[in-house]
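First comes the structure, then the notes that go with it.
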Amino acid sequence: MLEKTTGVVLRTVKYGDSSLIVDIYTSTKGAVSFMVRIPKSKKSSMRGVLFRPLSILELDFDYRSKASLQHIREVRLFYTYQSVPYEPYKSAMALFLAEFLARVLKHETVNESLYSYILYSLQWLDAAERSYSNFHLVFITRLTRFLGIYPNTELYHKGCWFDMLNACFVSSCPAHSSYLAPHEAALIPLFMRMNYDSMRFFAMNRIQRNRYMEVLNDYYRLHIPEFPELKSLDVLKELFA
């Protein structure tokens, strides 16, 4: 069945001399893997450069529900980045987010709200001229809402602990080891209140930012099956002093 959709490239792996395996999160089918053959002709519209991580594409493809790899008929850029590929800070963020989303969305089915959130967020980052050093933290925090793993902040009060395993705030230290003490637990409701327009008002130094990134990474590893160590995380930690 011919399917027309848009999608965000999550991961690209070279396969042989002239093919790619490309994971794309699509607006109509969720996460889909494609086998893409790249012709040697420069006139072909099927160019490898289109499948860079986080590229936003418009696709026509034959969808077969029982096939592990789908085949693209036509592909076009749906959105052209103006700054993300060319600014070092933004391109490093994009590298990290592509690796992160490839793991998180690996088995995610269609979710229009989630797709719209990702698309809006990437376009916001591309347009941002300043004050975006907390973007990846806000993006990942708010993403928990769309994945059904967001922390319950209703019971938060000053001095309570955050039970990371059960995603809730408690009055005393949990019996297991996956928790945040009160001074760090306060970061959770703080970031849950942030958005891209307001995050510039929340000053954080490099140590605080990196610590919160570690907390987020640990939280996702608790709640997303087979969530691995992210290779690009160390690069990202060195970015914003």
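The values are calculated or read from the model by the stated rules, or taken from the named source; none is laboratory data. Computed from a predicted model, the values in this text were never measured in an experiment. We place every Cβ from the backbone using ideal geometry, glycine too, and count neighbours over all the protein chains shown.
For every residue, the table says whether it meets (1) under 17 Å from Val22 (Cα atoms); (2) outside the structural domain of Phe61 (by TED's automatic domain parsing).
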| residue | (1), (2) |
| --- | --- |
| Val75 | yes, no |
| Met93 | no, yes |
| Leu101 | yes, yes |
| Val104 | yes, yes |
| Glu112 | no, yes |
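Please go through segment 109-138 and pick out each residue that is under 12 Å from the mean Cα position of the chain (by Cα) and modelled with pLDDT under 95.
Listed by number, the residues that qualify are Phe135, His136, Leu137, Val138.
Which one of these does Leu222 not meet: (1) part of a helix (DSSP H, G or I); (2) over 16 Å from the mean Cα position of the chain (by Cα); (3) more than 17 Å from Leu105 (Cα to Cα)?
Result: Leu222 passes all but (3).
Would you be able to tell me the number of residues in segment 187-215 that are within 13 Å of Tyr132 (Cα to Cα) and either charged (D, E, K, R) or in a helix (DSSP H, G or I) (or both)?
Residues meeting the conditions: 5.
Only one of (1) at pLDDT 90 or above; (2) part of a loop (DSSP other than H, G, I, E, B); (3) surrounded by fewer than 16 Cβ atoms within 10 Å (Cβ to Cβ); (4) touching a strand residue (DSSP E or B) at 6+ places or on another chain (Cβ under 8 Å) fails for Gly159. Which number is that?
Failed condition: (4).
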